[in-house]
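The values are calculated or read from the model by the stated rules, or taken from the named source; none is laboratory data. Since we're looking at a predicted model, the values are computed, not measured. Every residue, glycine as well, gets a Cβ built from its backbone with ideal geometry; the counts of neighbours run over all protein chains shown. Note: accessible area is taken over every heavy atom of the protein model, side chains too, but ligands, DNA and RNA are not part of it. Shrake-Rupley method; radii C 1.70, N 1.55, O 1.52, S 1.80 Å.
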Amino acid sequence: MPPELMSPHRTSPLRVSPGPDAAASPVAHRLLGAARELSQSLDALRFGPPIAHVYDPLQYAWAPYEDYVRRYGATRKRVVLLGMNPGPFGMMQTGVPFGEVAAVRDWMRIAAAVDRPAREHPKRPIEGFACPRSEVSGRRLWGWAALRFGSAQAFFHDWFVLNYCPLVFLESSGRNFTPDKLPAERRRAVEEACDRHLAAALAALQPEWAIGVGAFAEKCLRTVLESDRVDGAFARQVKVAQILHPSPASPAANRGWSEAADRKLAELGVLGPEKTAVS
């Protein structure tokens with residue numbers, strides 16, 4: 001039995017798992033190693049009220065995340081999209097960034113086992129791929145990718161999607177508490193681990209474009225690329241931008257997120273009709 005550690009707010013034990021095996025590509029190997037290190041670093045942190053529960057999908061939903069990286073993160077990418085942290089019916093359930101169940105299961109063809117956390121919030125149970133709820137942000141983002149590129153293979157040939165922070169913070173009511181609202185001392189500790197992971201992921205993926213899905217993610221990208229965590233020559237070559245977040249809390253996104261994303265990406269020169277691969 002592997003050693004297990006439990007923090008007061010952690011929802012599942014930290015399982016000390018082996019590193020990626022020889023079947024993983026060098027890029028996927030680096031991404032998976034950085035994700036394991038991130039999860040272990042965050043597990044050492046403690047969070048007080050109003051946070052009552054902390055979920056880490058990189059622990060209880062490691063299997064689908066590993067499958068996601070092995071399948072679709074095996075090579076360098078032209079574009080990396082960065083989100084903030086898991087949503088309650090997306091990555092929190094499936095382990096995949098913006099991981100709306102139907103998109104992950106039916107489009108990406110990923111349906112690996114998800115464990116039950118040791119301690120769940122009664123209003124936010126982990127049901128994995130049996131979750132009947134749909135994550136609106138994920139449905140919009142992956143629906144756009146499917147419409148624009150056709151297959152998951154076509155999209156992930158040049159694109160990859162990451163989250164800045166893997167943790168879900170829940171208040172006693174079940175309400176989501178976003179990382180940007182953490183007290184300064186705790187936020188710095190979380191950012192230290194997340195910045196280190198993001199730097200490693202960008203170094204592995206070597207993107208031409210690093211695009212924040214929302215303002216918070218763009219700020220995180222700029223912070224890391226302007227720091228000494230990444231090679232300066234590489235950082236100067238990466239173009240950083242932002243697209244609208246697909247959250248249903250955004251009136252602009254509700255007016256037509258796919259169209260807004262297309263307009264912005266075309267304006268930036270990231271994506272146009274000649275760069276669309278529909279299959």
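Some observations on this one:
- Test: Asp115 is among the acidic types (Asp, Glu) and modelled with pLDDT under 95: no
- For Ser137: the one exception among (1) buried (at least 20 other Cβ atoms within 10 Å of the Cβ); (2) of a type in the set (S, T, N, Q); (3) more than 19 Å from Val104 (Cα to Cα): (3)
- Within region 101-116, restricting attention to residues that are under 19 Å from the mean Cα position of the chain (by Cα) and over 19 Å from Arg70 (Cα atoms), the residue that is most open to solvent (accessible area, probe 1.4 Å) is Asp115.
- Residues that are small (Gly, Ala, Ser) and at pLDDT below 95, drawn from region 57-89: Gly87
- Just one of the listed residues (Ala201, Ala217, Ala210) is in a strand (DSSP E or B) and surrounded by 21 or more Cβ atoms within 10 Å (Cβ to Cβ), and it is Ala210.
- The lone exception for Ala22 - which of (1) modelled with pLDDT of 95 or more; (2) part of a loop (DSSP other than H, G, I, E, B) it fails: (1)
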